[in-house]
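What follows is a single structure, written as structure tokens, with notes after it.
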Amino acid sequence: PGTRRIKRADHLLPYAKRRDQWERRSCGEGSKGLRYYDWILFEVKVTGQEPADGFEHRLLIRRSTHRKKLAGGRFDFEYGYFLAHAPAGTPASAVIDQAGIRWKIEEDNEQGKQLAGLDQYQVRKWIPWHRSVTCTMLAHAFLTVQRARHLNSPPAPACEEPAHGRGAADPAAPQDPPPREPEMTVRQADSPSKAGPMIRLTIAALAGLLTLTGLAVHHSDQELLRQHHWRTEHQTAAAISH
């Protein structure tokens, strides 16, 4: 490296095998626990792309911890490649941590499209597109901050379900029979009005609550909380079942 020109990232594999300096590290938490891979880092120079002052280019290679069955039926390690533009002297552990959170960018793009309309602008000119993307990112950031504040605050008291499905209960109106409780419930048996354990509030659920509080739909605060608790209870029951 530094003395021979290569055209593709995987051309560095012979050098990696020759050095045999793979480090097994976790790149963060996953759905099944810590994600461990073997890593090796090279200092590279990218043709036509000079690094910024005080920065350097590095190529990080990720290798699976065991051989897998790949396309074509052959068994070999699975590799991944990350080109990093980092301050000079950045330790390998910091570069690996950044590579491990790459999926957060994909998650942010997905949430921006689904919740904030990131993909709903028809691109015609740069300035209006830039304004649209800025507004959607601001809306997404607002939802994220509000969710973080909710998670750090004490749980709100549970609301009792009104007699009617929409709005506050009318004492003069005939009372409907109470809905049948499902076999699996997350409410505590000793107090029907006391909420049981709930899953953490998601950004999508928060966006749904803000949508219900808009001018298009008029609901009382009690009805909004009732709908939210009903949806969250079923999501919690589904999470427990899975």
With the first residue restricted to region 224-242 and required to be in contact (Cβ under 8 Å) with a residue 60 or more places away in the chain, and the second required to be of a type in the set (Gly, Ala, Ser) and surrounded by 15 or more Cβ atoms within 10 Å (Cβ to Cβ), Cβ contacts under 7 Å at 6 or more apart or on different chains are His229/Ala158; His229/Ala195
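Would you be able to say whether some residue in region 26-38 is touching a Pro at 6+ places or on another chain (Cβ under 9 Å) and surrounded by fewer than 16 Cβ atoms within 10 Å (Cβ to Cβ)? Before the answer, list the steps.
Within region 26-38, the first condition is being touching a Pro at 6+ places or on another chain (Cβ under 9 Å), and the residues that meet it are none.
No, the conditions are met nowhere in region 26-38.
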Is there any pair with a first residue in region 53-77 that is charged (D, E, K, R) and in a loop (DSSP other than H, G, I, E, B) and a second that is at pLDDT 85 or above and open to solvent by 50 Å² or more (accessible area, probe 1.4 Å) whose Cβ atoms are under 8 Å apart and which are 6 or more apart or on different chains, and what are they? Arg67/Phe75
Of everything in region 87-146, what is open to solvent by less than 60 Å² (accessible area, probe 1.4 Å), touching a strand residue (DSSP E or B) at 6+ places or on another chain (Cβ under 9 Å) and part of a helix (DSSP H, G or I)? Give them in sequence order. Ala92, Ser93, Ala94, Val95, Ile96, Ala99, Gly100
Single residue of region 196-242 satisfying the filter (farther than 26 Å from Phe142 by Cβ and in a loop (DSSP other than H, G, I, E, B)) that is modelled with the highest pLDDT: His242
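Taking the residues in region 99-115 that are free of Cβ contacts under 8 Å to residues at least 40 places away in the same chain and not charged (D, E, K, R) as candidates, determine which candidate is nearest to Leu60 (Cα to Cα).
As a first pass, look at region 99-115 and keep what is free of Cβ contacts under 8 Å to residues at least 40 places away in the same chain: 102-110, 112-113.
Now narrow it down to the ones that are not charged (D, E, K, R): 103, 105, 109, 112.
Working: Trp103: 16, Ile105: 18, Asn109: 24, Gly112: 29 Å.
For region 99-115, the residue satisfying everything is Trp103.
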Given the conditions (1) part of a loop (DSSP other than H, G, I, E, B); (2) within 19 Å of Leu12 (Cβ to Cβ), which single one is not true for Phe42? (1)
Is there a residue being at pLDDT below 90, of a type outside the set (Phe, Trp, Tyr), touching a Ser or Thr at 6+ places or on another chain (Cβ under 9 Å) and farther than 26 Å from Gly208 by Cβ anywhere in region 104-113? no
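The values are calculated or read from the model by the stated rules, or taken from the named source; none is laboratory data. Just so you know, these numbers come straight off a predicted model, no measurement behind them. Don't worry about glycine lacking a Cβ; one is built from the backbone with ideal geometry, like all the others, and counts go over all protein chains shown. Surface areas here come from the heavy atoms of the whole protein model, side chains and all, with no ligands, DNA or RNA. Shrake-Rupley method; radii C 1.70, N 1.55, O 1.52, S 1.80 Å.
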